[in-house]
Amino acid sequence: MSTTSRNGLVWPDLVAAQQPPWPDAAELQAAVDELSVLPPLVFAGECDKLLHQLAAASRGEAFVLMGGDCAETFEANNAESIRARLKTVLQMSVVLQYAASLPVIKVGRLAGQYFKPRSKSHETREGVELNSYFGDAVNAIDFEPASRRPDAQRLVRAYNASSAALNLVRAFTQGGYADLRQVHSWNQDFVRDSPAGERYEAMAGDIDRALSFMTACGADPEEFQRVDFYAAHEALSIDYERALTRIDSRTGNAYDVSGHFLWIGERTRQVDGAHVHFASVIHNPIGVKVGPTADPADIVQMCELLNPERVPGRLTLITRMGAGKVREALPPIVAAVRDSGIPVVWVCDPMHGNTREATTGHKTRVFDDVVDEVKGFFEVHHSLGTVPGGIHIELTGDDVTECVGGTGGVLESDLGDRYETACDPRLNREQSLELSFLVADMLLAK
């Protein structure tokens, strides 16, 4: 059996892992029908532009920075929260670009990261069993029956929240907030007096002087005012993503207009599953998360399915190995893909493989483990003659205490002070900025 969408696309009846347990098929269909006629959140031409930039990253001519929330929430979909996350990515990109002299492709985990995969479909507390929290696009995090009931109208609410976030990001990045002459103003808060903040401030002074010289020599000031900023999220909900897939009038190709860049998670990358098939149909640049248990032959087969025409920039492999496994598990995968001749962008996710439970009971990550996995990622690619093309970080612009370590010295005993994540622990902005300097040093050392 198969399903034909409003735009004529035919979706075969394949197994789709990690789908929410929608209780009412009619409610779901009503939400899907509503989504299928709404305007695009992004445009095909923007996706094509990102693909060409990612092609440069696959050759080592640019570096990818993906960063943002582990799980967006409707509550945090406000101007201040979005500005703080954007500021963090912009500061990190400035460090990487000017310290390592390499263009940085800026991709936010935002405007769509409202879905979360779950190890268990249900959660039990004090003898009460309810649905797990599947992300704000499905249900609410509060542990009570009405909140945890999956509500398909939340899919439409996720679309509206994503639209608002993208409008704000476009206003910020095209309206002067991302102007490189603003580099000092991005540092006027809790980060400024940290070691990373002080190092950043010194770099900002150098940038100021360079821009003043370039302007005096006749450079157009508008060149410094705008940046390309792309939206990415995990393509987890098949219903949501199919409903937002459109046929591009220019080319006749299908694009998922829910985001510029979509990735498939480690739990949904089955080669015969619905997610891989979906990704093979759309023409967005796509990513796949790859963990330490991945079989190299399976990854090559998946690459063949997702990039049969061997288009540079089309496919990004986001590796998430863990600091203790990256140097052993990553090489055979990289070597197999390299030998296949299929071009990919290699990006390191040093977050998901380094999650553990602290003595306080909080889920956390140790900053040194995050850094060590990135180091291992670079070492592997340098040894194999391949290109370490980017990093993928869960971060926030706020002064949270969710990850342990960094020069700011978040201790396990501090975790409860500002532990605000809806799911996984994130680097705060001071830790994120410190990481960007360390990665810039790795890029310079190649």
> Taking the Cα centre of the range 70-157 as origin and charging only Cβ (+1 Lys, Arg; -1 Asp, Glu), how large is the dipole, in debye to the nearest 20?
Replying inline: 400 debye
> Can you give the charge dipole size of the chain about its Cα centre, rounded to the nearest 20 debye, using +1 on the beta carbon of Lys and Arg and -1 on the beta carbon of Asp and Glu?
Replying inline: 860 debye
> When ranked by the protection proxy of mean other Cβ atoms within 10 Å per residue, highest first, what sequence do the peptides 144-155, 66-77 form?
Replying inline: 66-77, 144-155
> How far, in nm, would the chain grow between GLU328 and GLU61 when pulled straight, counting 0.36 nm per residue and subtracting the alpha carbon separation?
Replying inline: 93.4 nm
>> I want the antiparallel fraction of DSSP beta bridges within the range 329-446, as a percent rounded to 5.
In response: 45 percent
> Quick one, what does Rg over Rh come out to for the chain if you take C-alpha atoms and the Kirkwood Rh?
Replying inline: 0.95
> Between HIS122, PHE261, GLY385, whose Cα lies farthest towards the positive end of the dipole of the chain when Lys and Arg beta carbons carry +1 and Asp and Glu beta carbons carry -1, centred on the Cα centre?
Replying inline: GLY385
> Packing-wise, with mean Cβ within 10 Å as the measure, how do 119-132, 300-313, 380-393 rank, highest first?
Replying inline: 380-393, 300-313, 119-132
> For the range 40-145, what does the alpha-carbon gyration tensor say about shape, rounded, prolate or oblate, given a ≥ b ≥ c as the root eigenvalues, a/c under 1.5 as rounded, and a/b over b/c as prolate?
Replying inline: prolate
>> At 222 nm, what value in deg cm²/dmol follows for the chain if DSSP H runs of at least 4 each add -39500 (n - 2.57) and the sum is divided by all its residues, to the nearest 500?
In response: -12500 deg cm²/dmol
>> Give the separation of the Cα centroids, the range 136-157 to the range 87-117, in Å.
In response: 29 Å
>> What does DSSP give for the chain in terms of the percent of beta bridges that are antiparallel, rounded to the nearest 5?
In response: 30 percent
>> Charges on Cβ only, +1 for Lys and Arg, -1 for Asp and Glu, centred on the Cα centroid of the chain; of ALA146, ILE299, GLN182, which one is farthest towards the dipole's positive end?
In response: ILE299
> About the Cα centre of the range 1-125, what is the dipole size in debye to 20, counting +1 per Lys and Arg Cβ and -1 per Asp and Glu Cβ, all else neutral?
Replying inline: 540 debye
> Say the cut-off is 31 Å between C-alpha atoms; which of LYS49/LYS120; LYS49/LYS325; LYS87/LYS120; LYS289/LYS363; LYS106/LYS325 go over it?
Replying inline: LYS49/LYS120; LYS49/LYS325; LYS87/LYS120
> Which whole-number percentage describes the relative contact order of the range 294-377, with Cα contacts under 8 Å and a sequence gap of 6 or more?
Replying inline: 35 percent
>> At a 10 angstrom cut-off on C-beta neighbours, averaged per residue, how do the peptides 16-29, 87-100 rank from highest to lowest?
In response: 87-100, 16-29
> Any idea what the relative contact order of the chain is, in percent, if you count C-alpha pairs under 8 Å spaced at least 6 apart?
Replying inline: 21 percent
>> I need the shape label for the range 211-364. Rule: rounded when a/c is under 1.5, else prolate if a/b > b/c, else oblate, with a, b, c from the alpha carbon gyration tensor.
In response: oblate
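Bear in mind these aren't lab numbers, they're just calculated from the coordinates by the rules spelled out. Computed from a prediction, not measured in an experiment: that's the story for all the values here. Reconstructed Cβ throughout: ideal geometry from the backbone, glycine too, with neighbour counts over all protein chains shown.
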